[in-house]
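The values are calculated or read from the model by the stated rules, or taken from the named source; none is laboratory data. For clarity, every value in this text was computed on a predicted model and none was experimentally measured. Positions of Cβ are generated from backbone atoms using ideal geometry, with glycine treated the same way; all protein chains shown enter the neighbour counts. Just the protein is used for accessible areas: all its heavy atoms, side chains included, with ligands, DNA and RNA removed. Shrake-Rupley method; radii C 1.70, N 1.55, O 1.52, S 1.80 Å.
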Amino acid sequence: VTEGRMSEVRNLLGRCYHIHGEVQRGKQRGGAEIGFPTANLKLSEEDLCPKKGVYVTQVLYGGKMYGSVTNIGYNPTFGENELVVETHIFDFNKDIYGQPIRLNLLRYLRGEMKFNSIEELSAQIQKDVATAKQVLAEAAKERVLSCEERFNSLTE
């Protein structure tokens, strides 16, 4: 977990490593300044903290699963020093402050970086979102194929 090797973690646990908690109000920069609204969770240094950086994730909220991209870290672009978990949920536009969510961490994408401008940060997040959507689409395809193989190999 601390090395960001999520596929190995999934194999060892038999499930995805996840973080859960109530959505907290953040600095309100995600949607307004950067163009990517986020759901924020508090993470304590005492928790088993994943490697700092950006992950392909899934959010479980209200009985539904949503694709997402998550940053775990300190927001070096803004000079912050508090550990935060910020998740941009795809195709989602609900007020969920104070609501419980669970984040499944699927794949580590890259380390945390300091950007020279909000525009650079926004452009990188756009790339991260595109990569995450591709990873999620491939994972969904693999699940369908594995189910088809399993059911096709059964004898009646």
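Things worth noting here:
- If only residues of segment 80-93 that are more than 10 Å from the chain's Cα centre (by Cα) and surrounded by 12 or more Cβ atoms within 10 Å (Cβ to Cβ) are counted, the one that is farthest from residue 64 (Cα to Cα) is 80.
- Looking only at residues in segment 47-59 that are over 11 Å from the mean Cα position of the chain (by Cα) and closer than 16 Å to residue 20 by Cβ, the one that is most open to solvent (accessible area, probe 1.4 Å) is 48.
- Candidates in segment 67-81 are the residues that are under 17 Å from residue 126 (Cα atoms) and of a type in the set (Ser, Thr, Tyr); of these, the one that is modelled with the lowest pLDDT is 77.
- Close pairs (8 angstrom Cβ cut-off, 6 or more residues apart or separate chains): at negative phi in segment 126-140, open to solvent by 80 Å² or more (accessible area, probe 1.4 Å) and of a type outside the set (Asp, Glu) anywhere: 135/107
- Any hit, segment 82-99, residues being basic (Lys, Arg), modelled with pLDDT of 90 or more and farther than 16 Å from residue 34 by Cα: yes
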